[in-house]
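Participant: A single structure is presented below for examination.
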Amino acid sequence: MLSGITTARIILRLTQPPAGLVRLHFAPMSPTGAAVMAALVTLTPGTTVIDIDVMRRVMLLHLLDTRVIEATLTAIRRDFERDIATLFPEEGA
């Protein structure tokens, strides 16, 4: 809920923070795991997954506020990555 409120504040401001694209390198996981992680990231206010490269293990994200890139990427890894990689291990691993 807090991130939703933060997103609403950003949208309603007269001056917008800088938005942009960022690459997120993610842990080894199956293509299904990458899709699940992308869905969860996209459901997080202020972030949208634009592309997934499963072979290189990279997601291209659009961030509504690029002033907090490291905090956003750290939160994604903390909140989603480990559990998803455990539930959906890399195929053949």
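The values are calculated or read from the model by the stated rules, or taken from the named source; none is laboratory data. Bear in mind the structure is a predicted one, so any value in this text is a computation, not a measurement. Please note: Cβ atoms are built from the backbone with ideal geometry, for glycine as well, and neighbour counts cover all protein chains shown. Ligands, DNA and RNA are stripped out before the accessible areas are found, and what is left, the full protein with its side chains, is counted by its heavy atoms. Shrake-Rupley method; radii C 1.70, N 1.55, O 1.52, S 1.80 Å.
Participant: What number of residues in the range 19-49 are of a type in the set (Val, Ile, Thr), closer than 15 Å to Leu73 by Cα and touching a residue at least 12 places away in the same chain (Cβ under 8 Å)? Break it down into steps so the answer makes sense when it comes.
Facilitator: Start the filter on the range 19-49 by keeping residues that are of a type in the set (Val, Ile, Thr), which leaves 22, 32, 36, 41-42, 44, 47-49.
Still in the list and also closer than 15 Å to Leu73 by Cα: 22, 41-42, 44, 47-49.
Retained after the next criterion (residues that are touching a residue at least 12 places away in the same chain (Cβ under 8 Å)): 22, 41, 44, 47-49.
Number of matching residues: 6.
Participant: Here is a list: Thr86, Thr72. Which entry is under 19 Å from Gln16 (Cα atoms) and out of contact with any His (no Cβ under 7 Å at 6 or more places or on another chain)?
Facilitator: Numbers: Thr86 fails: under 19 Å from Gln16 (Cα atoms).
Every option except Thr72 fails the conditions.
Participant: Would you point out the residue of the range 14-47, among those that are closer than 22 Å to Ala85 by Cβ and modelled with pLDDT under 95, that is most open to solvent (accessible area, probe 1.4 Å)? Before you say what the answer is, go through the steps one by one.
Facilitator: Within the range 14-47, the subset closer than 22 Å to Ala85 by Cβ is 22-44, 47.
With modelled with pLDDT under 95 added as a condition, the list becomes 42-44, 47.
Details: Thr42: 61, Leu43: 137, Thr44: 46, Thr47: 11 Å².
Among those that are closer than 22 Å to Ala85 by Cβ and modelled with pLDDT under 95, it is Leu43.
Participant: To continue, here is another question. In the range 48-93, how many are in a loop (DSSP other than H, G, I, E, B) and open to solvent by 50 Å² or more (accessible area, probe 1.4 Å)? Steps first, answer last, please.
Facilitator: Initial filter on the range 48-93 (in a loop (DSSP other than H, G, I, E, B)): 54-57, 64-65, 88-93.
Then keep just the ones that are open to solvent by 50 Å² or more (accessible area, probe 1.4 Å); that gives 54-57, 88-93.
Residues in the range 48-93 being in a loop (DSSP other than H, G, I, E, B) and open to solvent by 50 Å² or more (accessible area, probe 1.4 Å): 10 in total.
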